[in-house]
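Structure, as structure tokens:
The values are calculated or read from the model by the stated rules, or taken from the named source; none is laboratory data. Keep in mind that this is a model prediction, so the values were computed, not measured. Cβ: placed from backbone, ideal geometry, glycine included. Neighbour counts: every protein chain shown.
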Amino acid sequence: MLQLALMLIAALSIVMTTPLSTAKATSTAEENREETPDSGIGAPAPDFSGVDVDGRTRKLSDFRGKTVVLEWTNHECPFVRKLYDTDTMQNLQKEATSKGIVWLTISSSAEGKQGFTRPEEAKSVMARENSHETARILDSDGMIGKLYGATNTPQMFVINGEGTLVYAGAIDDKPSVSHSTVRDANNYVKAALDDLSAGRAVKISTSKPYGCGIKY
């Protein structure tokens, strides 16, 4: 009994002498790790191979030396619709591709789930939206999406000419389906591309993605 009492006193002493600020810092760090998972920024972007709507195989490594944007999409998602109905996404695609940037739009919706399209239907969606991507890849088995840890539509990744991932996250800072929010949104992807074009390091390299969950 005496030994047990001594052990309890020692344990209480340790708890009472642990600084409160240290305990709070540990708790905050754990929360941040949960909310901001490893994004892979600064590391080589995972290579992948996927088939586009024209049946052409597209490999990330084929575009080495060029800036590449990856856009995860689901044309039925209201967050995606906000960007396409206001021409926000198309205008950014057009601006980027006119400068030689490669823009790959990827659909990882599984067959039978929201956003899934076969090639001909995907082409109809592209024509209706007047999109300006370099290619649209159909990733219905989810291999590319899971390789990148993509969780939402829209979700964006920017890769520089050396093949390094320099941005990952949301397209902007307005996690809303309201069309009016695009007017004063801070577009992270445009900012990242502008930084790269100017030879600067990307100032904002990560953000929390928002939108519809990808329908794997």
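Of the residues making up region 72-97, those that are part of a loop (DSSP other than H, G, I, E, B) and in contact (Cβ under 8 Å) with a residue 60 or more places away in the chain are T73, N74, C77, T86. What is the residue count in region 162-174 for residues that are part of a loop (DSSP other than H, G, I, E, B) and either free of Cβ contacts under 8 Å to residues at least 40 places away in the same chain or of a type in the set (D, E) (or both)? Count: 3. Might you let me know whether region 98-111 holds any residue that is assigned to a helix (DSSP H, G or I), of a type outside the set (S, T, Y) and closer than 22 Å to S205 by Cβ? Looking for residues that are assigned to a helix (DSSP H, G or I), of a type outside the set (S, T, Y) and closer than 22 Å to S205 by Cβ, one finds none in region 98-111, hence no. Restricting attention to region 48-81 and to residues that are touching a strand residue (DSSP E or B) at 6+ places or on another chain (Cβ under 7 Å) and of a type in the set (G, A, S), the residue that is nearest to G213 (Cα to Cα) turns out to be G50.
The set of residues in region 112-151 being among the basic types (K, R) and either farther than 29 Å from G40 by Cα or part of a helix (DSSP H, G or I) (or both) consists of R118, K123, R128, K146.
Scan region 99-113 for residues that are closer than 15 Å to T153 by Cα and surrounded by 15 or more Cβ atoms within 10 Å (Cβ to Cβ) and the total you get is 7. Restricting the first member to region 132-160 and to residues that are within 19 Å of L196 (Cα to Cα), and the second to residues that are among the aromatic types (F, W, Y) and assigned to a helix (DSSP H, G or I), the beta-carbon pairs closer than 8 Å and six or more apart or on different chains are M156/Y188; F157/Y148. It is to be established whether one or more residues within region 188-204 are aromatic (F, W, Y), assigned by TED's automatic domain parsing to the domain that holds G55 and within 17 Å of E95 (Cβ to Cβ). Yes.
Scanning region 192-216 for residues that are assigned to a helix (DSSP H, G or I) and surrounded by 15 or more Cβ atoms within 10 Å (Cβ to Cβ) gives A192, L193, D195, L196. The residue list A135, A150, A45, A96 contains one member that is in contact with a Leu (Cβ under 9 Å, 6 or more places away or on another chain), surrounded by 15 or more Cβ atoms within 10 Å (Cβ to Cβ) and either closer than 16 Å to C212 by Cα or acidic (D, E) (or both), which is A150.
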